[in-house]
1. Full-extension gain between B:ASP164 and B:LYS205, please, as 0.36 nm times their residue separation minus the C-alpha to C-alpha distance.
2. Would you kindly derive the ³J(HN,Hα) couplings of region B:61-66 from the backbone phi angles with the Karplus curve 6.51 cos²θ - 1.76 cosθ + 1.60 (θ = phi - 60°), listing them in order in whole Hz, with x for Gly and Pro?
3. Could you put B:ASP289, A:ASP351, A:ASP389, B:ASP33 in order, starting from the residue whose Cβ has the fewest other Cβ atoms within 10 Å?
4. Between A:TRP78 and A:LYS213, take the C-beta separation as r, use R0 = 30 Å, and let me know the FRET efficiency to the nearest 0.05.
5. Can you compute the modelled spin-label distance between B:ASP2 and A:ASP34, with each label point 7 Å from Cα toward Cβ, in nm?
6. What does DSSP give for region A:1-125 in terms of the percent of beta bridges that are antiparallel, rounded to the nearest 5?
7. In Å, the Kirkwood hydrodynamic radius of chain A over pairs of distinct alpha carbons?
8. Tell me the net charge near A:LYS221. Cut-off is 13 Å between Cβ atoms, A:LYS221 excluded, with +1 for each Lys or Arg and -1 for each Asp or Glu.
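Nothing in this text is a laboratory measurement; each read-out follows from the coordinates by a stated rule. Since the structure is predicted, the reported quantities are computational estimates derived from the model, not experimental observations. As a convention, Cβ positions derive from the backbone with ideal geometry for all residues, glycine included, and neighbour counts pool all protein chains shown.
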2 protein chains.
Amino acid sequence: MDILIKNVLLNGKKTDVSIKDCVISEIGSGSKDDKVIDGSGKAVIPSFVNMHTHSAMTLFRGYADDMALIPWLEEKIWPLESKLDEKLVYKGSKLACLEMIKSGTTSFVDMYWHVKGTAKAVSEMGLRGYLSGAAIDLFDADKHEQQVEKCLQEIKSVRSFGSDKIVPVVGAHAIYTVSGDLLKSMKEIADKNNLMYHIHISETKGEVDECIKKNGVTPVKYLDNLGVLGENFIGAHGVWLDEEEIQLLGQRGGCVVHNPVSNMKLAVGSVLDYKGLISNSVNVCLGSDGCASNNNLDMFEEMKVAALLQKSHYNDPRRLTSREVFEMATVNGYKALGLKGGKIEEGFIADLCLVDLSEVMMIPNHNLVSNFVYSANGSVVECVICGGDVLMENRVVKDEDKIIEEAVGAAEEIVGDRS
Amino acid sequence: MDILIKNVLLNGKKTDVSIKDCVISEIGSGSKDDKVIDGSGKAVIPSFVNMHTHSAMTLFRGYADDMALIPWLEEKIWPLESKLDEKLVYKGSKLACLEMIKSGTTSFVDMYWHVKGTAKAVSEMGLRGYLSGAAIDLFDADKHEQQVEKCLQEIKSVRSFGSDKIVPVVGAHAIYTVSGDLLKSMKEIADKNNLMYHIHISETKGEVDECIKKNGVTPVKYLDNLGVLGENFIGAHGVWLDEEEIQLLGQRGGCVVHNPVSNMKLAVGSVLDYKGLISNSVNVCLGSDGCASNNNLDMFEEMKVAALLQKSHYNDPRRLTSREVFEMATVNGYKALGLKGGKIEEGFIADLCLVDLSEVMMIPNHNLVSNFVYSANGSVVECVICGGDVLMENRVVKDEDKIIEEAVGAAEEIVGDRS
């Protein structure tokens, strides 16, 4: 749909923004034959890219908190996950898509089970999903073939939606759950199919210590030895990287996804070395992680916590400025996904939000980006457009009540028969 | 006004809540002659107590971030503050009151200039303000008399509103800006007038080091030697307390107010020892600090960051549970203020919120308190009642547009002529 946004604030000035063929076609004027959206009293900004999440875990929101990692996983999360099927994942992912749209996110990178359920949710909600399963063989060579087959099937099923907004990704869970052989095979699949490669890396000290003990090298070095690093690499967490690993990531390309809320909530014991990463030219992006360890998908909050954590950990209030963290959540994510997005400029994809400037958290407007990062939350977003499709207008998303009702039913179904 | 809230969720069950004479008079039934509020699809919870803020600093929101503390104060904040007058403070405080109401806060403890402006704002907005100026003599004995006089005047002007919701507090800025003599005089005024005593304490290492150098003892010990500690003591920050200080605070009574967002944003270099404080029976409360160092007044966000910071700093995800931090933001604050509040029970004051359970962040509802702390933000609050007065219904606060317009004007007036 062609759209004309009238009288919207952009870089401090009122202007019009035209969208044609999914792209921002013109700034400053446009055709009144298009669908017109009144931008008065609103600012236009690029929408967010959530670079690491497990969207269907919305169903577990608040089910288990304040626990140590291992009992949390073993007693709470894994038993619930064993009950999931494609239909439940579909319902949980729809809830996640709804939440993302309502807080201004239009692209997300997901790693989870029953990926077809998530793909179906994305196809109905109209945002961009970069979707993978999670290969795991637990170092059992007998599982290799089956995991490779599963991955190929997942790629096929994501592609079957035939939309450039629904993109398969190759997902390997982590180095402590996937053998070197399978990590390599997954990389081959990714490269052959021109897909990204998504993995949890260096999230806990235990993972690093175990890797060194087992392989004689640190996790990133281990991945590099396997040939896994490269431009299509998406490494989630990366809080325990040493200097050599950071340099390697800079040399090989790809990105590291910071998940500050999850890292703090699960007490992973270290903090992302943002400055080290960017001074080695690593593309640093932002992600929410899943709702079991966050417990929301609001990228406004994630930006604020990212800035607070850098300042507080490095004891310097100048660390990670609002502008830097805003870019982490927008333009850096688009870059990682190979999309020309994250800026409101002619020729960029029309993935954007209108933000209500009359919300009390946005008053006064000394500095719009500061207000986004340090004051606002997702509720300031009033209109969301993704590739020219209007996903939310006046904070209304299509079928919201039904999505919520189905998600509540799904959550009850999973949890209901716990004993 | 007598109120009957029908069909509202309380402790997992649907019930009715009656309010008579500013107090929760009955749970389970009520008279239909009262004003009826439909609580269907909503939960009732105690409203929040923001135990440390500088409300008129909303006018500086986003004006200066990501700076080192001293240039931030000297180049940005202090020059702006020098331009303030009672009218500007009134407008900034009204904006703050609006923001607090919209995010479920009905009581706040404020320390700022031109306190009459804040008192007027509170009187018009209907929440509870515990208001002080900030005595400062910069160790100049000639200023003693004038500061004492100013404090007495402030008490009188706050009392002149004749409302039990507008309560004077005695405010001394900090031990590094106020002489021992003045700290003592302020304590005498507080005790004589049966008022609370509000001070910034142990916020930075510099403050502690300087105190030890100058007085031979740590800040809390220094205050104790002056006779300042006691049941009416409100100490804001307290991130650099040692064991002896924590024990002293426990013995003398009073409370410590945690301001995690501000502490992280300004990089104060340490973290509140929550566990140490509560195991010494210190009442730990929660505050947002001012909007220049936060930059909002949303106690939902403050609760989450408090929990995240304890878990991450102490490397233990079990630290500061959602239940504990919820109490920090509610019942502990009421206790500090000497109010029977913070619980939805018969006989407690009717300071409460209705929260919309159909908001996407509240879905599913495995654990309501977890959803409040880890998932929600202020936008889930739909109705706010303070002492039986309805301050917000259906998210509408009276005169909102006018308050915002006046605050925007005030902010422009202050910042406009910067060169």
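1. 11.0 nm
2. 3, x, 6, 8, 10, 6
3. B:ASP33, A:ASP389, B:ASP289, A:ASP351
4. Working: r = 25 Å, r/R0 = 0.82.
Working from the Cβ atoms, E equals 0.75.
5. Between B:ASP2 and A:ASP34, the label points sit 5.9 nm apart.
6. Working: 10 of 19 bridges.
Bridges in region A:1-125 that DSSP calls antiparallel: roughly 55 percent.
7. 21.7 Å
8. Working: positive: A:LYS214, A:ARG252; negative: A:ASP224, A:ASP242, A:GLU243, A:GLU244, A:GLU245.
Residues near A:LYS221 contribute -3 overall.
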